[in-house]
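Colleague: Sending over a structure as structure tokens; questions will come in a sec.
The values are calculated or read from the model by the stated rules, or taken from the named source; none is laboratory data. Bear in mind that the values here come from a model prediction, so they are computed numbers and not experimental data. For neighbour counting, all protein chains shown are included, and Cβ atoms are generated from backbone atoms with ideal geometry for every residue, glycine included.
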């Protein structure tokens with residue numbers, strides 16, 4: 001998935017991150033997802049543009065503790081047909 005430069009990510013603790021902060025957090029050595037699965041995706045087309053929404057689940061280990069999180073993503077389809085995420089939100093399961 002492509003991430004827009006204006007991406008806003010809301011983590012399970014309510015903290016907000018920019019695209020660069022989000023990318024740094026998922027590259028951190030203590031973040032070790034074992035599985036990332038898209039559970040649902042919906043696309044609504046409006047003329048030459050569209051809106052993509054979906055739900056994902058992440059299982060893994062962070063700081064030595066196992067977790068399962070579900071989250072949502074929202075984005076749009078540009079005229080070239082690329083899906084670009086503009087917002088993400090995660091919450092504990």
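Colleague: Go through (1) over 14 Å from residue 72 (Cα atoms); (2) free of Cβ contacts under 8 Å to residues at least 40 places away in the same chain; (3) surrounded by 10 or more Cβ atoms within 10 Å (Cβ to Cβ) and name the single condition residue 38 misses.
Modeller: Result: residue 38 passes all but (1).
Colleague: Now a separate question. Please pick out the residue among 88, 54, 60 that is in contact with a strand residue (DSSP E or B) (Cβ under 8 Å, 6 or more places away or on another chain), within 16 Å of residue 2 (Cβ to Cβ), at pLDDT 80 or above and surrounded by 14 or more Cβ atoms within 10 Å (Cβ to Cβ).
Modeller: Working: 88 fails: at pLDDT 80 or above; 60 fails: within 16 Å of residue 2 (Cβ to Cβ).
Going through 88, 54, 60 in turn, just one is in contact with a strand residue (DSSP E or B) (Cβ under 8 Å, 6 or more places away or on another chain), within 16 Å of residue 2 (Cβ to Cβ), at pLDDT 80 or above and surrounded by 14 or more Cβ atoms within 10 Å (Cβ to Cβ): 54.
Colleague: Give the residues of segment 1-35 that are in a strand (DSSP E or B) and surrounded by fewer than 13 Cβ atoms within 10 Å (Cβ to Cβ), sorted by residue number.
Modeller: Taking segment 1-35 first, the residues in a strand (DSSP E or B) are 2-10, 16-17, 31-35.
Answer for segment 1-35, where residues must be in a strand (DSSP E or B) and surrounded by fewer than 13 Cβ atoms within 10 Å (Cβ to Cβ): 2, 5, 6, 16, 32, 34, 35.
Colleague: Further, regarding this structure: Select from segment 63-83 the residues that are part of a strand (DSSP E or B) and either touching a helix residue (DSSP H, G or I) at 6+ places or on another chain (Cβ under 8 Å) or modelled with pLDDT under 70 (or both) and list them in ascending order.
Modeller: At the first step, the residues of segment 63-83 found to be part of a strand (DSSP E or B) are 65-77, 83.
Listed by number, the residues that qualify are 77, 83.
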